[in-house]
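Read the structure below first, then the notes.
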Amino acid sequence: MTRSHSIAVLPGDGIGPEVVSCALEVLDAAEQRFGFATERSEFSAGAGHYLATGELFDAVEPRLRDRDAILFGSMGDPRVTPGVLERGFILEMRQRFQQAANVRPVRLYPGVPSPIAGLTPERCEMVIVRENTEGAYVGRGSTVHAGTPNAVAMQESLNTRAGIERVVDFSFRLALGRRRRLTLCHKTNILVAAGQLWQQVVAEVGERYPEVEVDYVHVDAMCFHLPLAPERFDVVVTDNLFGDIITDLGAVIQGGLGVATSANLNLDGSAPSMFEAIHGSAPDIAGTGRANPAGAILSLALMLGHLGEGDAARAVEAATVEVLGGLPALSGAEMGLSTPQIGTRIAQIVRDGRADASLVPDSLLGVLASLEPSRL
Ligand code: IPM
Ligand code: MG
């Protein structure tokens, strides 16, 4: 019987629909080549939908919950007050579906230019695992005397042992299948309470993984090590807000937001995981054909790895890298190809079985496939 996966597709706003449509074309090709099927349902969500209906994540949650995975485009629009969609949709989904680990690979692919002079792909192949449900992202805080000269704002960061432990344990297991080095990134010298809990949990969980070497770097120091000595890092585990910040830096090092991707993983199989590019909705270039669909297509690769389709995942990643490496620029009109042309070219390589797996290190998608929730 053909393997089949049920997926929800949320194209969202701005360039989301056009890059997701490229990813779906590549998915068609992968299904043909690797002999599996997907049952896809597309949901309207994002600014347009919110302005027309007032609906946010709540409205769609029951219909997403029983899917095997969610492929997400991007969300955001200048017509909606900042924070409404971010909190009401993206963070709601991550938290309600307990997508505890936000896995963000930082890989410099062959042929892709990095702004860091002299950086080579061998030196830049890490995964940043960002805690994805707690920290400053719980949205707790209060304001007193708002709008007056005496205004006071307090913003809380919530850190639970259970929340830290599950993401740290996952990171150790990821490291075990890779170069066996785990770096905790925090700010333990200032955020002492949270920092101590993170350090304690890393030390305790680390006892179960004696093969993995543990390292620690403050988040500010991370901002110079990451670009200048990326070879120091294999798996980095960090707090939600620090992870948000350093993964943008990681994206720059690997060639830009257009190629960066992420998996929001539910680690206990209680709800679906979600896969999204790191870039935003870029409303200024929506519909111009100038968006690079690589981030969305690489999200598809992560999703396929998670669904246990490791061979298809590797082929999609390799085909994307091949096409990216041949582009004169990674974004805008200078790419030389339009958004759909890039998608079609990648799909063709996957369909024809011409993807050259030697272009990508096999240390992420294969590991993700082996960490699929049903096997945890
Ligand atoms: C990201 C984004 C989101 C975040 C926003 C859009 C809510 O910056 O995925 O990194 O802060 O997590
Ligand atoms: Mg971010």
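The values are calculated or read from the model by the stated rules, or taken from the named source; none is laboratory data. A quick note: this is a predicted structure, and the numbers were derived from the prediction, not measured. FYI the Cβ positions are ideal-geometry reconstructions off the backbone, even for glycines, and counts take in every protein chain you see. Heads up: the accessible areas ignore ligands, DNA and RNA and are worked out on the full protein's heavy atoms, side chains in. Shrake-Rupley method; radii C 1.70, N 1.55, O 1.52, S 1.80 Å.
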- Message: Please compute, over every Cα-Cα pair in region 50-208, the percentage with a separation greater than 26 angstrom.
- Response: 48 percent
- Dipole of the chain, positive direction: furthest Cα of A277, G111, I342, with charges on the beta-carbon: G111
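To the nearest whole percent, what portion of all C-alpha pairs in region 201-262 is separated by more than 17 angstrom? Working shown, then result.
On the way: 857 of 1891 pairs.
In whole percent, the long-distance tail amounts to 45.
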- Connecting every pair of Cα atoms under 10 Å apart in the chain and solving the GNM, the largest mean-square fluctuation among T160, T261, T320 falls on T160
- Result for the chain: accessible area per residue, probe 1.4 angstrom, in square angstrom, of 40 Å²
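Quick check for me: using +1 on Lys/Arg Cβ and -1 on Asp/Glu Cβ, what's the dipole size of region 1-123 about its Cα centre, in debye to the nearest 20?
Working: 13 positive and 16 negative charges, 89 e Å.
Around 420 debye, computed over region 1-123.
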- 222 nm [θ] for the chain, helices only, -39500 (n - 2.57) per DSSP H run of 4+, per residue, to 500? -11500 deg cm²/dmol
- Message: Using C-alpha positions alone, give me the convex hull volume of region 5-66 per residue in cubic angstrom.
- Response: 67 Å³
- Item | Computed lengthening from V152 to R179, 0.36 nm per intervening residue step minus Cα-Cα distance | 5.1 nm
- Per 20 Å bin from zero, what fraction in whole % of the C-alpha pairs of the chain is there, up to the bin with the longest pair? 30, 60, 10, 0
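Want the number for E211 to I245: 0.36 nm per residue separation, take away the alpha-carbon distance, what's left? Walk me through the intermediate numbers first.
Numbers: separation 34, 0.36 × 34 = 12.24 nm, distance 2.92 nm.
Contour length minus the Cα-Cα distance gives 9.3 nm.
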- Message: Can you give me the C-alpha center-to-center distance between region 143-181 and region 54-115, rounded to a whole angstrom?
- Response: 18 Å
- Query: Just the Cα atoms of region 198-311, one point each, no solvent: what log10 I(q)/I(0) does Debye give at q = 0.16 Å⁻¹?
  - Reply: -0.98
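Given contacts defined as C-alpha pairs under 8 Å and at least six residues apart, what's the relative contact order of region 1-128, whole-number percent? The partial results should precede the final answer.
On the way: 155 pairs, mean separation 36.4, N = 128.
Computed value for region 1-128: 28 percent relative contact order.
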- Tell me, what % of the accessible area of region 271-334 is carbon and sulfur with a 1.4 angstrom probe? 47 percent
- Förster radius 22 Å - calculated FRET efficiency between R3 and S41, Cβ distance, rounded to 0.05: 0.75
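Given a Förster distance of 45 angstrom, what is the FRET efficiency for Q196 paired with Q341, based on the Cβ-Cβ distance and rounded to 0.05? Write down the numbers at each step before the final one.
Values: r = 52 Å, r/R0 = 1.16.
Result of the calculation: an efficiency of 0.30.
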- Task: Using every pair of alpha-carbon atoms in region 231-297, split the distances into 10 Å bins beginning at 0 and state the percent of pairs per bin, rounded to integers.
- Result: 17, 44, 30, 9, 0
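How large is the convex hull of the C-alpha atoms of region 230-376 per residue, in Å³? If you can, show how the numbers build up before the last one.
On the way: hull volume 19.3 nm³, N = 147.
Spelled out: Cα convex hull of region 230-376, divided by residues, is 131 Å³.
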- Across 5 Å bins from the origin, how do the percents of Cα pairs in region 123-186 run, short distances first? 4, 14, 18, 16, 12, 10, 8, 7, 5, 4, 2
- Compute log10 of I(q)/I(0) for region 39-129 with the Debye formula, placing one identical point scatterer on every Cα and leaving out solvent, at q = 0.10, 0.15, 0.18 Å⁻¹, to two decimals. -0.41, -0.75, -0.88
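Considering only DSSP beta bridges with both partners in region 107-219, what is the antiparallel share in %, to the nearest 5?
On the way: 6 of 12 bridges.
The antiparallel proportion sits near 50 percent.
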- Message: Can you tell me, using C-alpha contacts under 8 Å and at least 6 residues apart, the relative contact order of region 221-376 as a whole percent?
- Response: 21 percent
